[in-house]
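Heads up, the thing below is written out as structure tokens.
The values are calculated or read from the model by the stated rules, or taken from the named source; none is laboratory data. Quick caveat: nothing in here was measured; it's all calculated off a predicted structure. Each accessible area value is taken on the protein alone, full model and side chains, heavy atoms only, with ligands, DNA and RNA left out. Shrake-Rupley method; radii C 1.70, N 1.55, O 1.52, S 1.80 Å.
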Amino acid sequence: MKGRDLINVLLPDELIAEVFRRLGGSKASCDACALVCRRWLGIERACRRHVRIGANGDADRLMEALVRRFSGLQSICVDERLPISCPSPLVARITPRKRHARRSSEARSTLENNEFGENEVVCSISDAGLTALANGCKGLEKLSLIWCSSITSAGLSSIAESCKSLRSLDLQGCYVGDQGLIAIGESCQLLEDLNLRFCEGLTDKGLAGLAKGCAISLRVLGIAACAWITDNSLKAVASHCSSLESLSLDSEFIKNEGIIAIAEGCQSLRALKLLCRNVTDEGLQAVGSFCSLLELLALYSFQKFTDRSLYAIGKGCKNLRSLTLSDCYFLSDKSLETVAAGCTGLTYLEINGCHNIGTLGLESIGRSCPRLSELALLYCQRIRNSALLEIGRGCTLLQALHLVDCLSIDDEALCEVAQGCRNLKKLHVRRCYEIGDKGVIAVGQNCKLLRDLSLRYCDRVGDGALIAIGQGCPLEHLNLSGCHQITDVGLTAIARGCPELISLDVSVLQNLGDIALAELGEGRRVLKDIVISHCPQIIDAGLAHLVRGCTQLETIQMVYCPSITSAGVATVISSCNHLKKVQIEKWKVSNRTMRRSAAVLSFLCVEL
């Protein structure tokens, strides 16, 4: 290319920057472009719009370096749950002579001071880091500060003063006070999205002050575990933020008064998620009466409302598309019948632990909601085959089905769903002990678009089911954990028939051996994640066959495999250059493997 660098000669910075912007924001692609030449490095830094970091080490200095290098940042996420070290572009250059010594010392320090992350020293980002961020990124539009416990109102005020274009703010787990939130409301009047989950220092005063300042712009609000926020806050939001479209509430201190105020004042509401145990029928009836545009409703652990609430929703919210009912003990089939009759455009339904909802309610959904695309039935022991028979006949657009602990559903129901819902792409079944080979074979024969299959602890599923799936479905994700009848024969059929398999869980399979792993290792596989824990017949030879072809592996879990030794672990580590996590008993990792891998893997193994 020397003397023929036509791109840099003919294209101005603006066009190269436009090319970078069309990479889709992929960090790997941006980093690759930055390594081409110094000019591209400078352009890429100016074009970088989003970064996500963990508060590991000196977080304030890291933030200063970030805003100095990437001047055009618009979105920043600081998540203290992420143990991410300082990125390499911010580290000073190392001469080749010192590189080898540095790597050796890093490996030793990782082993001695940070053994498997147990003694990791984390320095939280503080107000000083936020001030540096505010001064360096005045065009910031999205800021997430997740569990940043050292942030106070002073730091938030500096963001408010400098970042007038802020549109999204996530303060989950931050102990900020009212003054910081009031400052955001006064200065950031374009704010649309605010998350206040676990902000224990806030009171009604802070939220009311923000609502006044962001009255026109606020669209999305989330509140959870804020003990000092009461109905008065919701009244302030209702009186000022009439354009609110999404509200998520998780609080024991919110009662009917606040919900009624929101329903009357925010009639543009489209999404409502409630975990408020002191709200009764009166609050939900107000939602049904005033929020006719509601499209998503999720109700969790409601123990003080009855079918009257869902009757109001079915009558008033004709645009409802998504409904989640979790642990709502006093709802019965009448609730689903009303919703089915009034909300015929329903596309998502989840019923979790609602023990009084049975077959009749779900049958009405099958007859009246032909657009249903995803159905989740969790711990619904009163729902029987006839409900899914009606779903199979009426909901032909169904693409995802989740069944957990539905003990009265068997192969007959699954066969009907498979024959009627041929667009099915995801099927998750767990601990449904009456479902066996017959139902899964029907899925393999009819659902040619199936990509994601999970059959955890379905004891009656065997090799015949997997042979049918391998012949008919282009699987990308497969979970067979606890299916004790499956052997090498079934998994070999999957290996031969599903070359695009990305993730595989075959843990707790007593009869699985090395033959299946050898078949998986044939050719160049795209497999990235595999779980083989609690498989007593797998030995080191099987691992060697697996990693020979599956060179793209990123995570592997193999705890409690008694026949796997330190030699097998070393083979995995040395053969897979993309590994990010290996879960194995600590005593099976040799000192040499630790020395080779500690410097490049953030999580090598855990002691179980």
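Of (i) -0.97, -1.30, -1.36; (ii) -0.91, -1.19, -1.29; (iii) -0.83, -1.18, -1.34, which is the value of log10 I(q)/I(0) by the Debye sum over Cα atoms at q = 0.09, 0.11, 0.12 Å⁻¹ derived from the coordinates here? Of the labelled values, this structure produces (i).
Given the convex hull of the Cα atoms of the range 473-550, what is a quarter of its surface area in nm²? Intermediate values should be presented prior to the final figure.
Numbers: hull surface 16.9 nm².
It is 4.2 nm².
The alpha-carbon of K138 sits under 13 angstrom from the alpha-carbons of these aspartates and glutamates, leaving out residues fewer than 8 places away in its chain: E161. Projected over all directions and averaged, the alpha-carbon convex hull of the range 188-306 occupies 6.2 nm². In the chain, the calculated helix contribution to ellipticity at 222 nm averages -11500 deg cm²/dmol per residue, counting -39,500 (n - 2.57) for every DSSP H run with n ≥ 4. Diffusion of the range 239-325 by Stokes-Einstein, at 37 °C in a medium of 0.692 mPa s and with Rh set to the Kirkwood radius over alpha-carbon pairs, works out to 264 µm²/s.
From Cα pairs below 8 angstrom and at least 6 apart in sequence, can you work out the relative contact order of the chain, rounded to a whole percent? Intermediate values should be presented prior to the final figure.
On the way: 1578 pairs, mean separation 32.7, N = 608.
Over the chain, the number comes to 5 percent.
In the complete set of protein chains, residue-level accessible area for K586 is approximately 50 Å², probe 1.4 angstrom.
Under 16 Å of direct C-alpha separation, and excluding same-chain neighbours fewer than eight residues apart, K586 reaches these aspartates and glutamates: E112, E115, E118, E607.
Percent of accessible area on the range 376-438 owned by carbon and sulfur, 1.4 Å probe? Write down the numbers at each step before the final one.
Working: 1040 of 2490 Å².
Ligands and nucleic acids excluded, carbon and sulfur give 42 percent.
A probe of 1.4 angstrom, applied to the heavy atoms of all protein chains, finds S243 with accessible area near 40 square angstrom.
Percent of Cα pairs in the range 258-395 per distance bin of 5 Å, from zero to the largest separation: 2, 11, 23, 26, 20, 11, 5, 2, 0. The aspartates and glutamates whose alpha-carbon is closer than 13 Å to the alpha-carbon of K205, local same-chain residues fewer than 8 away aside, are D178, D231.
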